[in-house]
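**Student:** Okay, handing you the structure first.
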Amino acid sequence: MGRPPTRVRFTPMAPVLLAASAVEAVHLAPAVSRLAPVRRLACRELAGYGRPTHVALTFDDGPDPEGTPRFLKLLDQLDVRATFFLLGSELERSPDLGRELVARGHEVAVHGWYHRVPWRPAARRDLAELTRAADLIATVCRQPPRWYRPPYGVLTRGLRAAARQLELRPVLWTAWGREWTAGASPASVHATLLPELRAGATVLLHDSDCTSPPGSWRTALGALPRAVERCRELGLEVGPLRDHGLR
């Protein structure tokens, strides 16, 4: 005869742990939008699909004293304006760069205060940190931010609620260069972007290596001219999110 079925014994802590797991699952549920197939099929506006004649160019993790000025110079040469998702902690260190971004015609947006994922629910912390970043950007850059991109693209329930309260529109991306991966080069970044450089795309690159391997922004910088050229070959305008036709 086989062994009798094992009975699962629930300790007094079991209901508490199950309830905590359920709360955390609800908290993280919106983060499924980070998955590319989900964004393409079910979350197109959150992904950043915009008007069909335009490609939105965006940068994360700055401003960076080393990387950002080089991107500004190159973007001037290419006659392109972009949207820069700023970290409050980095803007606090380099406020002049934030002001220069706007002075050169670029758009500034919110990437949070710290570059981290709030895995556990903490609604007050989420709202406080997002408010702190948005207020600093508005004060320093004198341009009220309109857009929000969570670090790593992980939009939790708490972050989504905080963004809504601050009237920030969450936007992820439809194409990224993955310049932060080991062995990446300008050629590999361009090859990664190429299939997604299409009508209505939102492109993600990084003008800072504060959360990436040192110097990884140089790889993105090297790939940028070819990416812009390819968009123009397709008859697509390249510009910031403010011109992308998102609601």
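**Student:** Restricting to region 124-159, what's the tally of residues that are in a helix (DSSP H, G or I), within 21 Å of L46 (Cα to Cα) and open to solvent by 70 Å² or more (accessible area, probe 1.4 Å)? Spell out how you get there, then give the answer.
**Tutor:** First, pick out the residues of region 124-159 that are in a helix (DSSP H, G or I): 124-141, 151-153, 157-159.
Then drop every residue that is not within 21 Å of L46 (Cα to Cα), which leaves 126-127, 130-131, 133-134, 151-153, 157-159.
Those still in the list that are open to solvent by 70 Å² or more (accessible area, probe 1.4 Å) too: 152, 157.
Total meeting the criteria: 2.
**Student:** With (1) part of a helix (DSSP H, G or I); (2) open to solvent by 10 Å² or more (accessible area, probe 1.4 Å) as the list, and A162 as the residue in question, which single condition is left unmet?
**Tutor:** (2)
**Student:** Okay, moving on. Y152 fails exactly one of the following numbered conditions: (1) more than 28 Å from E100 (Cβ to Cβ); (2) modelled with pLDDT under 95; (3) under 17 Å from the mean Cα position of the chain (by Cα). What is the number of that condition?
**Tutor:** Only one criterion in (1) more than 28 Å from E100 (Cβ to Cβ); (2) modelled with pLDDT under 95; (3) under 17 Å from the mean Cα position of the chain (by Cα) is unmet by Y152, namely (1).
**Student:** I would also like to ask the following. Scan R149, R142, R125, R120 and give me the residue that is in contact (Cβ under 8 Å) with a residue 60 or more places away in the chain and out of contact with any Phe, Trp or Tyr (no Cβ under 8 Å at 6 or more places or on another chain). Explain how you work it out, then say what you get.
**Tutor:** On the way: R149 fails: out of contact with any Phe, Trp or Tyr (no Cβ under 8 Å at 6 or more places or on another chain); R142 fails: in contact (Cβ under 8 Å) with a residue 60 or more places away in the chain; R125 fails: in contact (Cβ under 8 Å) with a residue 60 or more places away in the chain.
The conditions single out R120.
**Student:** For region 95-112, how many residues are surrounded by fewer than 22 Cβ atoms within 10 Å (Cβ to Cβ) and closer than 14 Å to A134 by Cα?
**Tutor:** Residues that pass the stated criteria total 1.
**Student:** Determine which member of the set T219, T211, T202 is in contact (Cβ under 8 Å) with a residue 12 or more places away in the chain, among the hydroxyl-bearing types (S, T, Y) and open to solvent by 40 Å² or more (accessible area, probe 1.4 Å).
**Tutor:** On the way: T219 fails: open to solvent by 40 Å² or more (accessible area, probe 1.4 Å); T202 fails: open to solvent by 40 Å² or more (accessible area, probe 1.4 Å).
Exactly one of T219, T211, T202 is in contact (Cβ under 8 Å) with a residue 12 or more places away in the chain, among the hydroxyl-bearing types (S, T, Y) and open to solvent by 40 Å² or more (accessible area, probe 1.4 Å), namely T211.
**Student:** When the residues of region 171-199 are narrowed to those that are under 21 Å from R81 (Cβ atoms) and of a type in the set (D, E, K, R), which ends up least open to solvent (accessible area, probe 1.4 Å)?
**Tutor:** Checking each candidate, the answer is E179.
**Student:** Further question: Go through region 76-94 and report how many residues are open to solvent by less than 40 Å² (accessible area, probe 1.4 Å) and in a helix (DSSP H, G or I). First the steps, then the outcome.
**Tutor:** Taking region 76-94 as the starting set, the residues that turn out to be open to solvent by less than 40 Å² (accessible area, probe 1.4 Å) are 78, 80, 82-91, 94.
Within this subset, residues satisfying the condition of being in a helix (DSSP H, G or I) are 78, 88-91.
Number satisfying all stated conditions: 5.
The values are calculated or read from the model by the stated rules, or taken from the named source; none is laboratory data. On a predicted model such as this, the values are computed, not experimentally measured, just so you know. Backbone-built Cβ (ideal geometry, glycine too); neighbour counts: all protein chains shown. Accessible surface is based on the protein model in full, side chains and every heavy atom, while ligands, DNA and RNA are left aside. Shrake-Rupley method; radii C 1.70, N 1.55, O 1.52, S 1.80 Å.
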